[in-house]
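Before any comments, here is the structure.
Values in this text are rule-based calculations from the coordinates and carry no lab data. These figures come from a predicted structure and were not determined experimentally. Note that each Cβ is placed from the backbone with ideal geometry, even for glycine, and that neighbours are counted across all protein chains shown.
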Amino acid sequence: MRGLLTIVGCVVLAACGAAVEPFERPAGGATEWAFYGGGPGGGQYSTANEITQRNVSRLELAWVHRSGDFHGPAGKPRSQQASTGSGTSFQTTPIFAEGTLYYSTPYNRVFALDPESGAALWSYDPEVRVDKTLYTPPSRGVSSWVGLGDTGVCAHRIFLGTMDGRLIALDGGTGRPCVDFGDRGTVDLTHGISPPGMTGDYAITSPAAILDDLVIVGSRVVDGMDSETPSGVVRAFDARTGEFVWGWNAVAPGDTVYDSRGRFRGGTANVWSIISVDTERKLVIVPTGNPFPDFFGGNRKGFDHYSSSVVALDGRTGEVVWSFQTVHHDVWDFDVPAQPALIDLRIDGATVPAVVQVTKMGLTFVLHRETGEPLFEVTEKPVPQRGAVPEERLSPTQPFPARPPPLTQLGISSADAWGLTFWDRRACRLAIEQSLSGPIYTPMSTTGTVMYPSVIGGNNWGSMAIDRATNTMIAVTNHVPVLGRLIPRRDCQPDQVIYPQFDTPYCFAAEPLMSPLGIPCTPPPWGTISSVDLQRGELNWTVPMGTLGRWPLSLVKGGISLGGPLVTSTGLIFVGAAMDAKFRALDLTTGDELWSWQLPTTANAVPMTYRSQANGRQFVVVAAGGHFAGFGEHGDHLMAFALPAIEE
């Protein structure tokens, strides 16, 4: 009877033939993933070609590595902490370099793994102090450097940035510190900048960029606290010695770079996301954040000049080659969140080097890599001014690209209110009507402003992959409103405020605009994944991404997502990111789901892939460990998937 049922099931589903279809491992060399974004210029693309649309349904779990480095909320977040949650967020993307897989944990430990089995080869503990009652800054990965002509110990180095502001060089083979780098393997990045304040106010959360023999780091700087915010300086160090080579502090041209004590001035825009490198042109291309504070710009000391911008630096000197500002006088926390992707476009029969930048606004800017000039027209358009506090001086216009089209709706009104029932839809409509709302860039106000898109996007730090064969961009986008309010200083209550913004007239409170049932006040989908033709600047398709993860909302397609996609040359998209804790493979051409795997918790990271040896097995790896904002259970699962092993 069981055999008969199996046969009947196969006929009905027309799937059993595909499930057992034999496959041959394609010839080809090992495929590295030696940089966070797959290459020095990002793009999250791989030529690894064993896993295809025909066989992806046969993917299975190959191995799991667990570090034990995670914790959940152990009490309320620190008062006045710029985060809505606490605990760890496992955001790492491993690298595969020189035959070994390397990754970092939320506690900044580094593991070297056997790429075939996931077995640990060595680990290194920088012994950072982890306060398990607080939000822990994420660690998105490590960097690999190989010295040209170097041999022996530390010819291959793994660089780690820590949450307490250190840059550490490790021998790639043993994990031991490279004693000739800095002070016995460590450079203290808190030296030479304004005081970093409390633990966590200055941290390295993204992997360093590598250009020739330079290791280049930005930093995460605490948001919205006070004017003594640490400097956002980007610095380059000699990869062998740790000697300081250059620093770029985001002050306006001609302004003072250093303070009276010779340190890089504090309060400047930082670079917390991933830096890209053009190795041919020796350009370091950085996505900048905001100067202090995020949501009020009345006293920024002129530090707006390079904020929320894409800036190209001369990799040899740190001098600015060009810059392009995506938001003028940003008071919405629309800092540039994602790694700039470096690609080549064909325009009027010529190959043009380009930079592609997605943003929290859901706007995509495509720039000439050598000049920063837009390759698609960008128009300065008037934006709302009504409702701003009297001390504010808003920009009257903002830049809008003609192409590609926005990936989210640009603004909100009470007509957009949504709910599962008439009751919660009415509550959402009233909440919007009682607040300031309107087109994108509606000012922050004391009555409350509905931000749509919001501080989580649009697009965020992991959301762009590019198929280099077709110049097709894949981006994860959120569509969730946030209600923000400037509160006069006399009325600020520490236990209700996320951003105290000391030294300004206003503190700031923000929370997602949710219905009484705990769902977003705007219609689903609340998260999508889109395909964009970068040659034509046109949208190919958009499909809902995941769900909110709990019943009955699991029936509604399109949930909030944090993380990003991977694209392969075989026409596949791999993506976790969503709140329903699934890892998916999608068809690059249509967005159709071809395979999924239920994870132990959410995968709020960017996946990667590699073939560890010639004609070898292809692995796809993703970190599943939840997110401090409450996406899923906190965890430490580094998970590798592969096709079934072929018996020789």
For a quick protection proxy, order the peptides 550-556, 243-249 by their average other-Cβ count within 10 Å, most packed first. 243-249, 550-556
Given the Cα-Cα distance of T151 and K132 and 0.36 nm per residue of separation, how much length would full extension add, in nm? 2.7 nm
Computed about the Cα centre, the charge dipole of the chain from +1 Lys/Arg and -1 Asp/Glu charges at the Cβ has a magnitude in debye, to the nearest 20, of 1140
Phi to ³J(HN,Hα) by Karplus 6.51 cos²θ - 1.76 cosθ + 1.60 over region 228-242, Hz, x for Gly, Pro: 8, 4, x, 4, x, 4, 9, 10, 10, 10, 5, 5, 8, 9, x
Whole-number percent relative contact order across the chain, with pairs defined as alpha carbons under 8 Å at least 6 apart: 15
Enumerate the lysines that K557 could reach by cross-link, defined here as Cα to Cα under 17 Å, with residues fewer than 8 away along the same chain left out. K582
Provide the FRET efficiency to the nearest 0.05 for the A119-N299 pair, computing r from the beta carbons and using R0 = 51 Å. 0.40
Per 0.36 nm of contour for each residue apart, how much would the distance between Q535 and A252 grow if the chain were fully extended, relative to their Cα-Cα spacing? 98.5 nm
Assertion target for S463, S531, S395, ordered by fewest C-beta neighbours within 10 angstrom first, is S395, S531, S463
Over the chain, what portion of Cα pair distances is larger than 46 Å, expressed as a whole percent? 13
For region 461-472, what does the Karplus curve 6.51 cos²θ - 1.76 cosθ + 1.60, with θ = phi - 60°, yield as ³J(HN,Hα) per residue in whole Hz, taken in order and with x for Gly and Pro? 5, x, 9, 9, 10, 10, 6, 6, 6, 10, 6, 9
Mind sorting H305, H634 by how few other Cβ atoms lie within 10 Å of their own Cβ, fewest first? H305, H634
Long-range HN-HN contacts of Q613 with modeled amide H, under 5 Å: T31
Simple spin-label estimate for E377/D183, 7 Å along Cα→Cβ, in nm, reads 5.7
Order these by the 10 Å Cβ neighbour count, fewest first: V64, V543, V622, V284. V64, V543, V284, V622
